[in-house]
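*Asks:* The structure follows.
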Amino acid sequence: MSTDNVEPRNARGVAVSAAMVAAADSQGATDTTATVADVNGARHASMSARATGPASANADGTVYDLGYAPHEGPRLGRSAAIRTMIIDGSRRALGLRRKPWTKVIPWALIAAAVVPAAWVVALTFVAAGFTLEDAGPFGDPAEFFAIIGNLTMMFLALVAPTLLIPDRENGVLAIYASRPVRAIDYLLARGAALALLASLFILIPHTILYFGISALYVDGFGAGLIENGKEIPAILGTTGAYVLGYGAPAFLVAVFVRRVAIASGVYLLLMFMSGALLEITPRATEQLVFKLLAPFSLLWNPWSVRDWLFDREPEQLVLDRVGLEPWVGAIAIVAIAIVTGIIAHRKYRETF
């Protein structure tokens, strides 16, 4: 890139600037007064030209006073910028303050997660003789993760590309880079928005079911809240596994793909292809190649963590078939999330 027009930043540049100041000072008050008069005259000529029309405008051009003023409010710093990007990203992902069609898919998925849970809870208070067995998978938090997990994967397939790709394609990153925001701040804000939305997507239906299941407890609603509250740590841990396990691959795909729809398709294809490891992995195998591939089963790792935290018998998933403990799935999820963060930071620090 040519550097002929770049302002010098060395000692010579400082000397040139000092010489210019000295030369200006040597002109005295008379030149200063003349300069002010010239400026006022030019401004008067400009106003006259605009008043009389284009025909009488100065051929050398017109100077307009646009009235730019510096920011006079408080400077909140990086933390406020990160908080603002989290809020902005959440609104964008949900289609808030955007065109109506951008709200259809995210809110349809939210409805698919919340409405069945609310319906089951309504039945517990309305239908006589309604029991946990009648609730099916909605009556067991561990079983409910099999339903909400698949919906979460589709939700993340939409949200992650929506958070990252428009900023790159529309040139918004240059605006962020002009503020006191670093690449890591931007990625943390977008990742936090993704994690927040996915966590709420999972926990809101679980909260609804928690109160509904507690109402069916034979010793009363209060006793049901206490008894079912023992599973809250397992619910929170499994939620984290699904958010990280499904969110990190979606984030990584969105870092490289340039179109939202294509990124969503690539992510879902990647997840289903990794899930196919369950079909090709023999039962009770000791072959090293399958042991090495098992932790990369992105679709099934959160399921293994669920079985581990809820102290359930393994469902013959990939890790169990190769003789690995379910907690290996948690290690794999965290490792993939860390690698995703490193790769994303290396790519985005070029812009910031």
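No lab work stands behind these numbers, since they all come straight from the coordinates. Keep in mind that this is a model prediction, so the values were computed, not measured. Cβ placement follows ideal geometry from the backbone for every residue including glycine, while neighbour counts extend to all protein chains displayed.
*Asks:* When the dipole is taken about the Cα centre of segment 78-348, and only Lys, Arg (+1) and Asp, Glu (-1) are charged at their Cβ, what size is it in debye, to the nearest 20? List each step's numbers first, then the result.
*Replies:* On the way: 22 positive and 19 negative charges, 403 e Å.
The dipole magnitude comes to about 1940 debye.
*Asks:* Also, quick follow-up: Given the Cα-Cα distance of LEU225 and ARG97 and 0.36 nm per residue of separation, how much length would full extension add, in nm? Present the calculation step by step, with values, prior to reporting the outcome.
*Replies:* Values: separation 128, 0.36 × 128 = 46.08 nm, distance 3.80 nm.
Gain on stretching LEU225 to ARG97: 42.3 nm.
*Asks:* Where does each of 328-339, 77-88 land if you order them by average Cβ count within 10 Å, highest first? Intermediate values should be presented prior to the final figure.
*Replies:* Numbers: 328-339: 17.9, 77-88: 14.7.
Sorting 328-339, 77-88 by mean packing, highest first, produces 328-339, 77-88.
*Asks:* For VAL126 and ALA177, what is the calculated FRET efficiency with R₀ set at 41 Å and r taken between the beta-carbons, to the nearest 0.05?
*Replies:* Details: r = 56 Å, r/R0 = 1.36.
Working from the Cβ atoms, E equals 0.15.
*Asks:* Give the distance, in whole Å, between the Cα centre of segment 101-160 and the Cα centre of segment 301-320.
*Replies:* That distance is 21 Å.
*Asks:* Kindly provide log₁₀ I(q)/I(0) values, in the same order as q = 0.13, 0.17, 0.27 Å⁻¹, from the Debye equation applied to equal alpha-carbon scatterers of segment 71-137.
*Replies:* -0.64, -0.77, -1.09
*Asks:* Please compute the length gained on full extension between GLU286 and ILE184, using 0.36 nm multiplied by the number of residues separating them and subtracting their Cα-Cα distance.
*Replies:* Details: separation 102, 0.36 × 102 = 36.72 nm, distance 4.13 nm.
Fully extending the segment from GLU286 to ILE184 adds 32.6 nm.
*Asks:* Something else: Label ASN170 and GLU313 with points 7 Å out from Cα along Cα→Cβ: what is the distance between them in nm?
*Replies:* 5.3
*Asks:* P(r) for segment 78-348, please, calculated from all Cα pair distances in 5 Å bins and given in %.
*Replies:* Bins of 5 Å from zero give 1, 6, 12, 15, 16, 14, 13, 10, 7, 4, 2, 0, 0 percent of pairs.
*Asks:* How many percent of Cα pairs in segment 228-352 exceed 21 Å? Write out the running numbers ahead of the final one.
*Replies:* Details: 3433 of 7750 pairs.
When every Cα pair of segment 228-352 is considered, 44 percent fall beyond 21 Å.
*Asks:* While we're looking at this one, here's another question. Pulled fully out, how much extra length does the chain show between ILE331 and GLU133, if you take 0.36 nm times their separation in residues and subtract their Cα-Cα distance? Let's see the in-between values first.
*Replies:* Working: separation 198, 0.36 × 198 = 71.28 nm, distance 3.43 nm.
Contour length minus the Cα-Cα distance gives 67.9 nm.
*Asks:* Would you mind computing, in nm to one decimal, how far apart the modelled labels at ALA261 and MET273 are, each placed 7 Å from Cα along Cα→Cβ?
*Replies:* 2.1
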